[in-house]
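The values are calculated or read from the model by the stated rules, or taken from the named source; none is laboratory data. The structure displayed is predicted, hence computed values, not measured ones. Neighbour counts are summed over all protein chains in view; Cβ atoms, including those assigned to glycine, are modelled from backbone coordinates with ideal geometry.
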Amino acid sequence: MAIIEFFYWLLLLIVSGIGTMRYKKLTLPFKVLTCSVLIVFLFNISAKVYSIRYKSNAPILQMECIAEYIFYSLVYYYLFKNKQIKKAILASVLIIFIFFIINAIFLQPFFRVFPTNVYLPTQILFAIFSLLLFKQMLLYPLKVNIVKQGVFWYNTAILVYATTMFLNLGLANYYVAHHINDYSLYYFWYFSLYLFHVFIGVSLFTDNKEIITTYA
């Protein structure tokens, strides 16, 4: 096991621990977010074990891809005030799930291929959700420092994650097509994951339903 993977797992445990310890103080979307971090940790462990045993972790990555979209979209569903946006998020989850099934059966086989066909559109949707939520934050500002708002850190995490992962996959496809073997992409991928979960950890540390209730 590479040391970079070990420290990533350790980071996931720390972040999930923050959410678990503060669970009663968290608002509903951040309780969902805490569960998502635990799920991601379990998926990562399972992927490692599965790859050692079967020489491929594609099925685990397929399930992780759709699970992440469902969890992060659900967080956004609870954060948005606009009912039309909420409906659009639920509709997107249904559409992405149906496409995930079709993709796993006909386009990118569940047991053999990483689901880039699903992953790319979900990153675009995350970026859109993030920008819309920043707009909502400007329209309905809270009387509390923005860096003390869990929603700011979560939204920033998603925007950074969506844009960097989109770039990662784009570069990965280019490298594969041109038979380029470059470990810098591997480290860039993990750097994006580290940064994402550090921001998620900060969001879980700063979110507080008492503050939100007081200043909303």
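Candidates Lys81, Lys87: the one that is under 24 Å from Val202 (Cβ atoms), surrounded by fewer than 17 Cβ atoms within 10 Å (Cβ to Cβ), out of contact with any Asp or Glu (no Cβ under 7 Å at 6 or more places or on another chain) and not hydrophobic (A, V, I, L, M, F, W, C) is Lys81.
To keep it simple, each residue is scored yes or no on (1) of a type in the set (A, V, I, L, M); (2) touching a residue at least 40 places away in the same chain (Cβ under 8 Å).
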{"site": "Val118", "(1), (2)": "yes, yes"}
{"site": "Leu131", "(1), (2)": "yes, no"}
{"site": "Leu139", "(1), (2)": "yes, no"}
{"site": "Ile146", "(1), (2)": "yes, no"}
{"site": "Thr156", "(1), (2)": "no, yes"}
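Residue check: is Ile45 surrounded by fewer than 14 Cβ atoms within 10 Å (Cβ to Cβ), in contact (Cβ under 8 Å) with a residue 24 or more places away in the chain, part of a helix (DSSP H, G or I) and under 18 Å from the mean Cα position of the chain (by Cα)? Against the criterion (surrounded by fewer than 14 Cβ atoms within 10 Å (Cβ to Cβ), in contact (Cβ under 8 Å) with a residue 24 or more places away in the chain, part of a helix (DSSP H, G or I) and under 18 Å from the mean Cα position of the chain (by Cα)), Ile45 qualifies.
Matching residues to (1) under 25 Å from Phe41 (Cβ atoms); (2) surrounded by 18 or more Cβ atoms within 10 Å (Cβ to Cβ); (3) of a type in the set (Ser, Thr, Tyr):
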residue: Tyr69; (1), (2), (3): yes, yes, yes
residue: Ile96; (1), (2), (3): yes, yes, no
residue: Ile102; (1), (2), (3): no, no, no
residue: Tyr119; (1), (2), (3): yes, yes, yes
residue: Phe134; (1), (2), (3): no, no, no
residue: Tyr140; (1), (2), (3): no, no, yes
residue: Gly150; (1), (2), (3): yes, yes, no
residue: Asn155; (1), (2), (3): yes, yes, no
residue: Tyr161; (1), (2), (3): yes, yes, yes
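Cβ separations smaller than 9 Å between residues 6+ apart or across chains give the following pairs from the stretch 57-86 residues that are basic (Lys, Arg) to residues that are part of a helix (DSSP H, G or I): Lys81/Gln136; Lys81/Leu139; Lys86/Tyr76; Lys86/Tyr77; Lys86/Tyr78. Candidates in the stretch 124-148 are the residues that are at pLDDT 95 or above and not aliphatic (A, V, I, L, M); of these, the one that is farthest from Glu210 (Cα to Cα) is Phe126.
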